[in-house]
Amino acid sequence: ELRQYQLMVENLREYAVFMLDPQGRISRWNIGAERMLGWREGEILGQPGAIVLTPEDRDSGAHALEMETARRDGSAANERWHLRKDGTRFFASSQMMDAHDEAGRHVGFVKVLRDTTKERRAQLEREQLLSSSRRSIHHLRGLLQQAPGFICILQGPEHRYEFVNDAYVRLFGDRGAKGKTVREVFPE
C-alpha cells in the first residue's frame, strides 16, 4: 500500500511534489517537479529547497519562514513567483506541510506546487485594464466637468443622475442631484 502511494505521488505530472529534510534540503523529487522546475532528481537532491525561489525571496528568508510556519501550524500556503533551472520565472500556488514518521517524529516537509502563471498573468492584465479604465474615466470626468455646455449623465430606466458638471449647476442650481431621479430633482 505504501508503494502504491509512492507511485501515485511520483507520477503526479501537473503538480511538483518534493520532500525536504528537517534542515530544508531536498530529499525526494517527483516527475511533476522535474517537469515544472527542470531539475532531474539526481541533480537536485541535497540542494536547499530555497533553490526554487526567486533571489529576492531567498534574500528575504522566505524559505525559512515557510518551514517555520509549517512546523508550527502544520502547513504553510502561499502564492509567489518561483524559479526554474533555466532561470525563467513562473507563478505558483504552494503548500508546505510538516511531515512526520509513523512514530510521530518530525522528518521534514512536503511541498506541493501548482503552476498558476496563466491565471496570474490574466489577473494582472485585468488589473492593468481596470486601472487604465479608471484613469480614462477620471480624465473624461475632468474634461466633462470643465466643458462650457451643461452636461449630465443619467443611468437606468428611471433616469438617475450619475454626473453633473459645473455648467449644469450654474444653470439649474445645486439640487443635490447625484443619485436622485430626474423626477425627484424636477418634480414639476
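The values are calculated or read from the model by the stated rules, or taken from the named source; none is laboratory data. Quick caveat, the model's predicted, so the values are computed rather than measured. Cβ: placed from backbone, ideal geometry, glycine included. Neighbour counts: every protein chain shown. SASA here: full protein model, heavy atoms, side chains in, ligands and nucleic acids out. Shrake-Rupley method; radii C 1.70, N 1.55, O 1.52, S 1.80 Å.
Quick check on my filter: what residues within the stretch 138-188 are of a type in the set (D, E, K, R), in contact with a helix residue (DSSP H, G or I) (Cβ under 9 Å, 6 or more places away or on another chain) and not in a helix (DSSP H, G or I)? Write out each step before concluding.
Taking the stretch 138-188 first, the residues of a type in the set (D, E, K, R) are 141, 158, 160, 162, 166, 170, 174-175, 178, 180, 183-184, 188.
Right, trim to in contact with a helix residue (DSSP H, G or I) (Cβ under 9 Å, 6 or more places away or on another chain) and you get 158, 160, 166, 175.
Listed by number, the residues that qualify are Glu158, Arg160, Arg175.
Please count how many residues of the stretch 13-34 are assigned to a loop (DSSP other than H, G, I, E, B), open to solvent by 40 Å² or more (accessible area, probe 1.4 Å), touching a Gly at 6+ places or on another chain (Cβ under 7 Å) and farther than 17 Å from Ala92 by Cβ. Lay out the reasoning, then the answer.
Residues of the stretch 13-34 that are assigned to a loop (DSSP other than H, G, I, E, B), as a first pass: 13-15, 21-24, 30.
Cutting the leftovers down to open to solvent by 40 Å² or more (accessible area, probe 1.4 Å) gives us 13-15, 22-23.
Narrowing the set further to residues that are touching a Gly at 6+ places or on another chain (Cβ under 7 Å) leaves 13-15, 22.
Filter again for farther than 17 Å from Ala92 by Cβ, leaving 22.
Of the residues in the stretch 13-34, 1 are assigned to a loop (DSSP other than H, G, I, E, B), open to solvent by 40 Å² or more (accessible area, probe 1.4 Å), touching a Gly at 6+ places or on another chain (Cβ under 7 Å) and farther than 17 Å from Ala92 by Cβ.
Going through the stretch 52-70 one residue at a time, which ones are surrounded by fewer than 16 Cβ atoms within 10 Å (Cβ to Cβ) and part of a helix (DSSP H, G or I)?
Selection gives Pro55, Glu56, Asp59, Ala64, Leu65, Glu68.
When the residues of the stretch 147-181 are filtered to those that are in contact with a Lys or Arg (Cβ under 8 Å, 6 or more places away or on another chain) and among the β-branched types (Val, Ile, Thr), which remaining residue is most open to solvent (accessible area, probe 1.4 Å)?
Val164
Mind listing whichever residues of the stretch 35-51 are assigned to a helix (DSSP H, G or I) and touching an Asp or Glu at 6+ places or on another chain (Cβ under 7 Å)? Don't jump to the end; show me each part of the working.
At the first step, the residues of the stretch 35-51 found to be assigned to a helix (DSSP H, G or I) are 35-37, 41-44, 49-51.
Selection gives Met36, Glu41.
Would you point out the residue of the stretch 135-188, among those that are within 37 Å of the chain's Cα centre (by Cα) and among the aliphatic types (A, V, I, L, M), that is modelled with the highest pLDDT?
So, considering only residues that are within 37 Å of the chain's Cα centre (by Cα) and among the aliphatic types (A, V, I, L, M), the one modelled with the highest pLDDT is Leu154.
List the number of the failed condition for His82; all other conditions in (1) under 30 Å from Thr54 (Cβ atoms); (2) in contact (Cβ under 8 Å) with a residue 24 or more places away in the chain; (3) of a type outside the set (Gly, Ala, Ser); (4) open to solvent by 40 Å² or more (accessible area, probe 1.4 Å) hold.
If we test His82 against (1) under 30 Å from Thr54 (Cβ atoms); (2) in contact (Cβ under 8 Å) with a residue 24 or more places away in the chain; (3) of a type outside the set (Gly, Ala, Ser); (4) open to solvent by 40 Å² or more (accessible area, probe 1.4 Å), just (4) comes out false.
Given the options Ala103, Ala122, Ala92, name the one that is assigned to a strand (DSSP E or B) and out of contact with any Pro (no Cβ under 7 Å at 6 or more places or on another chain).
Details: Ala103 fails: assigned to a strand (DSSP E or B); Ala122 fails: assigned to a strand (DSSP E or B).
Exactly one of Ala103, Ala122, Ala92 is assigned to a strand (DSSP E or B) and out of contact with any Pro (no Cβ under 7 Å at 6 or more places or on another chain), namely Ala92.
Note down all Cβ pairs under 7 Å where the first residue falls in the stretch 131-146 and is open to solvent by less than 90 Å² (accessible area, probe 1.4 Å), the second is part of a helix (DSSP H, G or I), and they're at least six residues apart or on different chains.
Close Cβ pairs (under 7 Å, with a partner that is part of a helix (DSSP H, G or I)) amount to Gln145/Asp166.
In the stretch 89-130, how many residues are charged (D, E, K, R), in contact with a helix residue (DSSP H, G or I) (Cβ under 8 Å, 6 or more places away or on another chain) and open to solvent by 50 Å² or more (accessible area, probe 1.4 Å)?
Residues of the stretch 89-130 that are charged (D, E, K, R), as a first pass: 89, 98, 101-102, 105, 111, 114-115, 118-121, 125-127.
Those left that are additionally in contact with a helix residue (DSSP H, G or I) (Cβ under 8 Å, 6 or more places away or on another chain): 98, 111, 115.
Then keep just the ones that are open to solvent by 50 Å² or more (accessible area, probe 1.4 Å); that gives 115.
Counting residues in the stretch 89-130 that are charged (D, E, K, R), in contact with a helix residue (DSSP H, G or I) (Cβ under 8 Å, 6 or more places away or on another chain) and open to solvent by 50 Å² or more (accessible area, probe 1.4 Å) gives 1.
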